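Colleague: Got a structure for you, questions after.
The values are calculated or read from the model by the stated rules, or taken from the named source; none is laboratory data. The shown structure was predicted, so the numbers you read here are calculated from the model rather than taken from an experiment. As a convention, Cβ positions derive from the backbone with ideal geometry for all residues, glycine included, and neighbour counts pool all protein chains shown. Protein only, heavy atoms only, side chains kept; ligands, DNA and RNA dropped before computing areas. Shrake-Rupley method; radii C 1.70, N 1.55, O 1.52, S 1.80 Å.
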Amino acid sequence: MALMTANEYVESLRKLNTRVYMFGEKIDNWVDHPMIRPSINCVAMTYALAQDPQYAELMTVKSSLTGKTVNRFTHLHQSTEDLINKVKMQRLLGQKTASCFQRCVGMDAFNAVYSSTYEIDEKHGTHYHENFKKFLTFVQDNDLTVDGAMTDPKGDRSKAPSQQADPDMYVHVVERREDGIVVSGAKCHQTGSINSHWHIFMPTIAMGEADRDWAVSFACPTDAEGMYMIYGRQSCDTRKLEENADIDVGNAKFGGQEALVVLDHVFIPNEYIFLNGEYEFAGMIVERFAGYHRQSYGGCKVGVGDVVIGAAALAAEYNGVEKASAVKDKLIEMTHLNETLYCCGIACSSQGFKTKAGNYQIDLLLANVCKQNVTRFPYEIVRLAEDIAGGLMVTMPSQKDFDSDTVVGRNGETIGEICNKFFAAREGVSTEDRQRIMRFLENMCLGAAAVGYRTESMHGAGSPQAQRIMIARQGNIQGKKQFAKDIAGIQ
C-alpha cells in the first residue's frame, strides 16, 4: 500500500471495532462524534501534508527497512538530519492545526524500542528485535498510526509495581502461554489512542527483579479483544455538542485527544512481544522514549506557539493597539521564548548519535533541557497572549446571543444587534472577526486546546522533576569540578 490520503485514513478508522466510552456510555460512531472528530482531523493532517509536494521533503522519507517512501511518522531516524527534520515537521504541523496531531508518541516509541530490543537480544539471545522490525515494516507498508503507551496509573507511587495492592496499577503479564502472553492493566493520558490503528505498550519506570512480570513491551491492535478506551474530558469540550457554535468552540476544526486505555486480559502473540521479563532493560526503554519525546516538544509546541503569537497580534490589531510599544514588546518576548524552545529542539537533534542498532538518538541532556523549558515558556507565552487580548476573551456573550433576533431595545433592537454594536472592533474589522479571534485565544489559552498546549507542556513526556533528574544524571558535575580544579591548580 502507498501513502494513505487523509480521507483513506479516516475511512480506515471506520473498519475498526474500537470500543470507546464517553460520559458513561458506549460511543458507536465515534469517528463522527463532534467531540472526537476534531482530533481525527488533526491526525488526518499528517496524511494530507505527506501528499503535498510542497512538504514532501519533511513529511516523507525513504525507509531504512524496505527502501520505500514512507511517512516520516513511521521512520527510524538514520542521521542527525533526520532528527532535525522531525522537529521541523512537528513545527509545521503545529502551525497547520494549532493542536496536538498525536502521531509523535508512536514515532518516538518506534525509535526507542528499535534500539532497545537490539541490545536486549544482544544480552539474552531473544528475538525481540526481529519481531519489532517485522512489525514496523507492516506499519510502514500500510501507513498506520500507532500510539505509544507508556504512562501507567501507578497507584501508590511510593511503591514498586510488584508492591502495589492492586497489580493492575501497572500493565503486567498475568499468564504466559506457548504462543504468547496475556496482559492486564491500563495506560493513562494516552494521546491519540482512539485515533490509532495499533498501540505499542512500554514500561513506565525502571524496574527490579521482583517486577519481572511488569517489565513488558508489546504491540496490540486498537480493537483487540479485551481492550477499550474511556475518553478524557477537556475544558469547554461540550461546546462542540452545541448547534451553530463554531465561533464559541474557538478551534472548531482541530483538537487533541486523551483517553484511559484499559487492557482486560488481552492476548498478545509471541510475534508482537518486544520485552517479556528482562527487567533490567525497562529503564532503557523509558529513558530513550522520554528523550525522543522531550525532543518532540521543541517542534510541536513551537508550531502551536506560532499560532498563539499570531492570534495575539491579530487581537491587538483588531483592538487598535498594534502600534503601542508595550504590545510590540510583548510580541517580541513571546517570539523570543518560542524560538528558544525551537533552538533546544534543533540543538538536541544536531548533537544526536548512532545507536548500536543503527538508528539515531538525540542528545539526552539537551532533550531534557528542551522539555524543561517547555514546562515554563508556554505558560508565559499564554500569559502575554491573554494580556494583549484583554478580558473580552473570557467575558464575551455566546454566539447564540450574537445571532439572536430577540427584541430588547427601545427602538426594536435585537440582542444580536446590541452585541454586534457594543463589541464592534476598529473600523474595517467586522465584529465577527474580533469575536472569532477572541474565542480562538480563549480556546488556546484556557479551553480544550490548552490541554494540548499549556497543560501538556507541563506534564507531557514526564513531569518537570523527571527532566531535572535526567539533567542531574547527564550533567556531569564531576567533570565540571575537574575543569575548575585543573584551572585553579588544585591537585
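Colleague: Once you sort the root eigenvalues of the Cα gyration tensor of the range 75-205 as a ≥ b ≥ c, which label holds: rounded (a/c under 1.5), prolate (a/b larger than b/c) or oblate (the other case)?
Modeller: Working: a/c = 1.95, a/b = 1.33, b/c = 1.47.
Cα axes put the range 75-205 in the oblate bin.
Colleague: Just the accessible area for SER158, please: 1.4 Å probe, Å², rounded to the nearest 10?
Modeller: 100
Colleague: Something else: Viscosity 0.890 mPa s, temperature 25 °C: Stokes-Einstein D of the chain from its Kirkwood Cα radius, in µm² per second?
Modeller: Details: Rh = 23.8 Å.
The Stokes-Einstein estimate is 103 µm²/s.
Colleague: What does the C-alpha gyration tensor say about the overall shape of the range 1-132? Classify as rounded when a/c is under 1.5, otherwise prolate if a/b is larger than b/c, or oblate. Write out the running numbers ahead of the final one.
Modeller: Values: a/c = 2.07, a/b = 1.31, b/c = 1.58.
Verdict is oblate for the range 1-132.
Colleague: Between LYS481 and PHE138, what is the label-point separation in nm under the 7 Å Cα-to-beta-carbon projection?
Modeller: Rounded to a tenth, the inter-label distance reads 5.1 nm.
Colleague: How large is the translational diffusion coefficient of the range 397-491 in µm² per second when you combine the Kirkwood radius over alpha carbon pairs with Stokes-Einstein at 37 °C and 0.692 mPa s? Please report the intermediate quantities before stating the final value.
Modeller: Details: Rh = 18.6 Å.
Answer, rounded: 177 µm²/s.
Colleague: To test your reading of the geometry: what angle, between 0 and 90 degrees and rounded to tens, separates the Cα axis of helix 37-50 from the longest principal axis of the chain?
Modeller: Around 70 degrees separate the two axes.
Colleague: Separate question: I'd like to compare 470-483, 435-448, 239-252: which one has the highest average count of other Cβ atoms within 10 Å, and what's the full order after that?
Modeller: Values: 470-483: 11.9, 435-448: 24.7, 239-252: 18.3.
Output ranking for 470-483, 435-448, 239-252: 435-448, 239-252, 470-483.
Colleague: Shifting gears a bit: Just how far, in whole angstrom, is the range 319-334 from the range 173-212 if you go by their alpha carbon centroids?
Modeller: The range 173-212 and the range 319-334 have Cα centres separated by 49 Å.
Colleague: Something else about it: What length, rounded to one decimal in nm, is gained on full extension from THR69 through to LYS253, with 0.36 nm per residue of separation minus their alpha-carbon distance? Intermediate values should be presented prior to the final figure.
Modeller: On the way: separation 184, 0.36 × 184 = 66.24 nm, distance 2.89 nm.
Difference between extended and current length: 63.4 nm.
Colleague: Now for a separate question. What is the percent of Cα-Cα separations in the range 207-280 that go past 13 Å?
Modeller: Numbers: 2036 of 2701 pairs.
Distances greater than 13 Å cover 75 percent of the Cα pairs.
Colleague: Now for a different question. Report, in deg cm²/dmol and to the nearest 500, the calculated mean residue ellipticity at 222 nm for the chain, where each DSSP H run with n ≥ 4 adds -39500 (n - 2.57) and the sum is divided by the residue count.
Modeller: Numbers: 18 runs with 232 residues, N = 491.
Result for the chain, helices only: -15000 deg cm²/dmol.
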